[in-house]
Amino acid sequence: MSEQSRSAGRIRGTGSRRRKPPRARRMKRIALWGAAALVVVGGSGLGYAYFTLNGNLKGVDIDAALGTARPDDVDNGSQDILVLGSDSRSGANSRYGADEGTARADTAMIVHVDEGHTSASVVSVPRDTLVDRPACTSDTTGEQVAAAHRTMFNSAYQVGGPACAVKTVEAMSGIRMDHYVEVDFTGFKKLIDVLGGVEITTSQAIDDPDSHLRLAPGTHTLDGEQSLGLVRTRHSVGDGSDLGRIQLQQAFVKALMDRTASVGVFSDPKTLFRLADTATKALTTDSRLASVKKLTGFAAGLKGLGSKNVDMITLPVRYDPENPNRVLPQEKADRQVWAALRQDRPVPASATAGSAGDKGDAGKVVR
């Protein structure tokens with residue numbers, strides 16, 4: 001969490017509904033969830049385009065890595081997807097910091113799409129949250145990594161890659177992840193540029209030397225570099241913590257969704273192909289999504305979602321009294337969040353009312 005035998009109510013990568021074939025084969029929409037976002041793009045062209053896009057995708061066999069010791073796969077038509085933004089500093093990402101030989105989950109969002117695929121709940125998990133990480137297998141050495149108590153959430157990806165990140169989320173939530181999607185810095189930036197930028201409005205100046213972002217109050221169309229700076233900004237908004245950055249990320253995700261919906265690329269095959277090519281190069285997915293055919297089937301069930309249908313929250317946390325740079329889960333409130341997702345209903349406002357992640361004004365800085 002064979003898949004083709006499951007209920008058709010699930011969003012599965014089983015391809016698109018067939019029509020009478022046109023003279024040029026057409027591909028339907030391709031979905032990208034990244035740095036916390038859903039991006040629906042499309043593609044059309046001849047056969048070579050299909051194989052080019054197909055070859056761009058990278059897949060990780062999460063099911064094989066985790067086996068059967070996982071939460072039940074409840075087949076009610078809903079979907080749960082773990083979306084990670086990788087902070088690897090290797091290769092093209094080296095300009096954003098020193099390469100320490102490993103990557104961490106810089107952004108983590110658990111996306112729950114409801115049974116009718118008409119709304120979604122997104123739960124951002126602060127990377128500095130201290131959690132109990134289960135034992136994992138390293139995705140680089142194949143060696144066992146011991147379980148850890150009160151360790152940072154994003155260390156799961158660092159020590160065990162995507163499968164360990166999924167395993168940790170499933171242990172925290174009791175919810176089986178149907179899919180996994182990862183996007184890195186460079187791919188995110190290029191995608192924004194191909195889209196022609198994303199419009200946001202800032203209520204105050206942003207000047208963060210670490211993310212290299214400077215914006216005056218007002219409306220801006222951010223290019224890829226500026227967009228990446230925004231979702232990495234923390235020191236010039238709110239209390240300067242990762243919780244404030246998450247609020248910025250959530251606001252940007254909604255702006256990105258609106259921008260994607262407004263881009264009229266379907267009448268321009270060249271732009272359409274560039275968008276699809278960039279999106280598929282930016283992605284690492286679970287193996288069940290790692291083909292254009294499967295990804296388009298997945299996208300078909302998400303095309304009705306807009307930013308107004310998506311409720312975004314931060315996992316309820318409190319500051320660690322022993323270390324103000326870390327946060328601890330609010331266990332009672334967190335149980336309310338996971339129960340709502342399992343029961344396919346909205347997260348109650350009472351669950352986040354006392355959370356440190358629900359405080360501060362960073363979320364009001366961008367709209």
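The values are calculated or read from the model by the stated rules, or taken from the named source; none is laboratory data. Only a predicted model underlies this, so the values are computations on that prediction, with no experimental measurement involved. When we count neighbours, we look across all protein chains shown, and the Cβ atoms used for this are built from the backbone with ideal geometry, even at glycine. Note: accessible area is taken over every heavy atom of the protein model, side chains too, but ligands, DNA and RNA are not part of it. Shrake-Rupley method; radii C 1.70, N 1.55, O 1.52, S 1.80 Å.
Residues whose amide H comes within less than 5 Å of that of THR314, counting only those at least five positions distant or on another chain, are SER124 (H built at 1.01 Å from N in the peptide plane).
Phi angles of region 308-321 translate, via the Karplus equation with coefficients 6.51, -1.76, 1.60 and θ = phi - 60°, into HN-Hα couplings of 6, 9, 10, 9, 10, 9, 9, 3, x, 9, 9, 5, 6, x Hz per residue; Gly and Pro are given as x.
Taking every C-alpha pair closer than 8 Å and separated by at least 6 residues, the mean separation divided by the residue count of region 210-301 gives a relative contact order of 14 percent. FRET efficiency for the ASP210 to ARG345 pair, using the beta carbon distance and R₀ = 30 Å, is estimated at 0.20.
When peptides 180-192, 291-303 are ranked by their average number of other Cβ atoms within 10 Å per residue, the highest-first order is 180-192, 291-303. Near THR137, the amide H atoms lying under 5 Å from its own belong to VAL145; only residues 5 or more places off or on other chains count, and H is placed 1.01 Å from N. As a fraction of the 1.4 Å probe accessible area of region 320-367, surface on carbon and sulfur atoms comes out at 48 percent. Taking amide H as placed 1.01 Å from N in the peptide plane, the amide H of VAL60 sits under 5 Å from that of THR285, ASP286, SER287, each at least 5 places away or on another chain.
When a 1.4 Å probe is rolled over the protein heavy atoms, the share of accessible surface on region 231-283 that falls to carbon and sulfur comes to 50 percent.
Principal axis extents of the Cα atoms in region 119-196, from largest to smallest and rounded to whole angstrom, are 45, 33, 24. About the centre of its Cα atoms, region 170-265 shows a dipole size close to 140 debye [charges on the beta carbon of Lys, Arg (+1) and Asp, Glu (-1) only; nearest 20 debye]. Karplus-based coupling profile of region 72-83, in residue order and whole Hz: 4, 8, 7, 9, 10, x, 7, 9, 10, 10, 8, 10, with θ = phi - 60° in 6.51 cos²θ - 1.76 cosθ + 1.60 and x standing for Gly or Pro. Here the Kirkwood formula puts the hydrodynamic radius of region 247-338 at 16.7 Å, using every distinct Cα pair.
Would you mind checking the pairs LYS190/LYS270; LYS189/LYS254; LYS254/LYS332; LYS58/LYS303 and listing those with alpha carbons more than 18 angstrom apart? Let's see the in-between values first.
On the way: LYS190/LYS270 16 Å; LYS189/LYS254 16 Å; LYS254/LYS332 28 Å; LYS58/LYS303 23 Å.
Cα-Cα > 18 Å for LYS254/LYS332; LYS58/LYS303; rest within.
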